[in-house]
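Novice: I have a structure here, written as structure tokens, and I will follow up with some questions on it.
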Amino acid sequence: MDMYNNILTPEEAAFNKTTVTPYNALKFIQQQFAGLGFDVSKKENRIKMIALLEELDRLSKEKLKF
């Protein structure tokens with residue numbers, strides 16, 4: 001939703017350079033990951049996601065040292 005309570009898609013917001021807030025952030029996140037086939041309602045999947053993000057962060061820092 002934008003500041004006028006208009007519902008926009010992420011693409012519309014990006015194209016119009018509009019700041020938006022998800023109407024229901026939890027549902028929005030779950031839908032986005034479900035579309036990719038990733039079930040974020042399972043704790044083990046969330047733990048794996050955190051580990052992956054930490055590894056990516058570590059690798060990006062390591063790459064900057066070279």
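The values are calculated or read from the model by the stated rules, or taken from the named source; none is laboratory data. Quick caveat, the model's predicted, so the values are computed rather than measured. Counting neighbours? That spans all protein chains shown, and the Cβs are built from the backbone with ideal geometry, glycine included.
Novice: Please return the ranges of helices (runs of 4 or more DSSP H) entirely within the chain where 2 or more residues are at pLDDT 85 or above and more than 13 Å from the chain's Cα centre (by Cα).
Specialist: 10-16, 43-65
Novice: Can you tell me how many residues within the range 32-59 are within 21 Å of Thr9 (Cα to Cα) and surrounded by fewer than 12 Cβ atoms within 10 Å (Cβ to Cβ)?
Specialist: 3
Novice: Follow-up. Contact list please: Cβ distance under 6 Å, first residue in the range 3-32 and within 18 Å of Met49 (Cβ to Cβ), second residue in a loop (DSSP other than H, G, I, E, B) and not β-branched (Val, Ile, Thr), pairs at least six apart or on different chains.
Specialist: Phe28/Pro22
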